[in-house]
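Here is the structure we will look at.
Values quoted throughout were computed directly from the atomic coordinates according to the rules given, and no laboratory measurement underlies them. These numbers were taken from a predicted model, which means no experiment stands behind them. Reconstructed Cβ throughout: ideal geometry from the backbone, glycine too, with neighbour counts over all protein chains shown.
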Amino acid sequence: MARWIPVRNWLLGLLIALGLQGAAAAACGPEDRLTLLHFNDLHGQLAPLSSADGAHPGGIARLATLVSEARAERPRQRTLLLFAGDLLQGTLSSSLFMGRPDLVLLERIGVDAAAVGNHEFDYGQDNFRALARAAGFPFLTANLGAEPDALPVPSSLLIGGAAEPGVAILGLTTAELLTTTHPRNTKGIQVADPMEIAGALVPKLRTQADLVVVLSHLGLAADKRLAREVDGIDVIIGGHDHAVLETPVMESGVIILQAGARGQWLGRLDLNCVAGRLEPSGYRLIPVSTEVAEDPEIAAEVARIVAAADAGMDEVIGRIGVDLSAERALIRRDEAIFGDFVADLARNITAADIALFNAGSFRASIPKGEVTLKQVYEALPFGNELVVAELEGQQLLEALARSASLHPRDHSGGFLQVSGVRYVIDGNRLASAELPTGPLDPEARYRVVMTDFLAAGGDGYQMLMSQAGQVKTGRLVSEVVVAAIRAGAELPLHSDGRILRRAPTSIGR
């Protein structure tokens, strides 16, 4: 039996949750067992991934097999499959079909609950609302509110009880939701402090369940803080920063788990009843390797989805002689050739002085060799338009200072790739910013090209918003890149030092 606790806005949802009346959970019995399976940050990756060694790991058809095998091992005991957020954004099929087939396949493999990730809103708030209403499982978030219409999602889920162990699952969502998607997608959305909300809700859930699980899309650092600050949590199943935790992280007695990204791993936590309490008996982070057989029905459905998305997209548009890497550990903390290439293109075609691109715009790498339309649209899937504006030097300095302040370990999508300016980072501060003609003048005005996402204040760049004289060019970033590769544009073979770090990256948080 499962009960969904609704959220109309975070205050009302909190009042509802705190007002629930229920008997304290009965102690579990010696024969009781529970298995928690989990994955996170699928990002539309339904098919196996391609890799340089020719292997194709992952894929939801292999996940389906592993889930079925785990459930078959303990047919009389409960096995829960939990997804920790970011179903959408990152493949061509996700962008074209806006998550509808992804949702169906999550239902078919037996997902019991999902956290609301920050990319769930990338295709518009109406799209997410429709997905949440259609889902055969609940998307959970306790700290999101919406006006004037509530989000159709519960704050938590209660499963079992009475004759079997009771499990309470609480959903939490990162505040980065408000900065990592276009502002139009989060109009009317409010984000409450997840620590405060969890602190208010967990004690009540504790009285109703043998096990309290937080399904978190906050990131590992925030999950550790949650474990320290909120009493009563047993397990945190996390997502957001794609951490591959082969062994659980223990923080203040709380088990913290995360399973990489894109369906490459499935986590499995087994629990047995010991002295009336559910206690962990083992954990495995299972690689979804090519050795795992694909579920044939799921594999056939994925093939149909991919074929529909790929129709016309396998056209070879040209060749490139260097890898364009979108690896998070590179493009979100240092200068990257991919960033240089796209920023230079945008600056040149708009005759701008400076180009600014948030690193989160780049979602997949393009290896050297032949390039297809599909590769470009998967690498740059957001449909961002180039916008030109006149900015004061002081605004640019503030933007570069924000980029410099982002901690390298966080691999923030807000880190700026640039053209026409060279900036130096000393620790976590902006040390200098120079143009070819000399230092960036805070009192001068500059012609700047950026995405419409940045121009609307995305990724926390409010200093770039509402600029007089903003001009939408009508040119999408992806289309500019396609045109350049078709024309045989020369790519930089190496970075040129336009972004430099002076200090080691072991900066105190």
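Data overview
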read-out: Alpha-carbon Rg/Rh ratio, for the range 295-378, with Rh computed the Kirkwood way; value: 1.08
read-out: Within-11-Å neighbourhood charge of Arg333 [Cβ basis; K, R +1; D, E -1]; value: 0
read-out: Sequence of Ile256, Ile236 once ranked by neighbouring C-beta atoms within 10 Å, starting from the fewest; value: Ile256, Ile236
read-out: Given charges at beta-carbon only (K, R positive; D, E negative), |dipole| of the range 191-329 in Debye; value: 440 debye
read-out: Gained length - Glu279 relative to Glu327, 0.36 nm times residue gap less alpha-carbon distance; value: 13.5 nm
read-out: Relative contact order for the chain, counting Cα pairs under 8 Å that sit 6 or more residues apart, in percent; value: 16 percent
read-out: Cα-based shape type of the range 92-205, given that a ≥ b ≥ c are square roots of the gyration tensor eigenvalues and the cut on a/c is 1.5; value: oblate
read-out: Thr290-Glu443 FRET efficiency (beta carbon distance; Förster radius 35 Å; 0.05 resolution); value: 0.05
read-out: The chain: calculated mean residue ellipticity at 222 nm from DSSP helix runs of at least 4, using -39500 (n - 2.57); value: -8000 deg cm²/dmol
read-out: Ranking of Met250, Met98, Met313 by count of other Cβ atoms within 10 Å, fewest first; value: Met250, Met313, Met98
read-out: Three-way shape call for the range 242-342 based on the alpha-carbon gyration tensor, with the a/c threshold at 1.5; value: oblate
read-out: Selected from Gly312, Leu324, Leu397, residue furthest toward positive end of dipole (the chain; charges at beta carbon); value: Leu397
read-out: Potential extension, Arg304-Val471 segment - 0.36 nm per residue separation minus Cα distance; value: 56.1 nm
read-out: Rel. contact order, % - alpha carbon contacts under 8 angstrom, at least six apart, the range 313-501; value: 34 percent
read-out: Derived scalar couplings ³J(HN,Hα) [the range 174-179; Karplus, 6.51 cos²θ - 1.76 cosθ + 1.60; whole Hz; x for Gly, Pro]; value: 5, 5, 5, 3, 6, 10
read-out: Leading residue at positive end of dipole, the chain (Cβ point charges), from Val274, Thr79, Thr350; value: Val274
read-out: DSSP bridge pairs, the range 313-501: antiparallel proportion in percent, nearest 5; value: 80 percent
read-out: Size of charge dipole - the chain - debye, nearest 20, with Cβ of Lys, Arg +1 and Asp, Glu -1, no other charges; value: 520 debye
read-out: Long-range HN-HN contacts of Trp265 with modeled amide H, under 5 Å; value: Val288
read-out: Antiparallel DSSP beta bridges within the chain, percent to nearest 5; value: 65 percent
read-out: Long-range amide H partners of Gln208 with built H, under 5 Å; value: Ala25
read-out: Potential extension, Asn348-Met313 segment - 0.36 nm per residue separation minus Cα distance; value: 9.9 nm
read-out: Residue (of Leu158, Ser412, Ala300) at the positive-pole extreme of the chain, dipole from beta-carbon charges; value: Leu158
read-out: Between the range 211-252 and the range 32-89, the Cα center-to-center distance that results, in Å; value: 19 Å
read-out: Whole-Å semi-axes of the ellipsoid equivalent to the chain (Cα gyration tensor, √5λ, descending); value: 41, 26, 20
read-out: Protection proxy ranking of 488-500, 123-135 - average other beta-carbon atoms within 10 Å, highest first; value: 123-135, 488-500
read-out: Distance between modelled label sites at Arg76 and Glu229, nm, 7 Å Cα→Cβ extension; value: 4.4 nm
read-out: About the Cα centre, charge dipole magnitude for the range 313-501 (Lys/Arg +1, Asp/Glu -1 at Cβ), debye; value: 220 debye
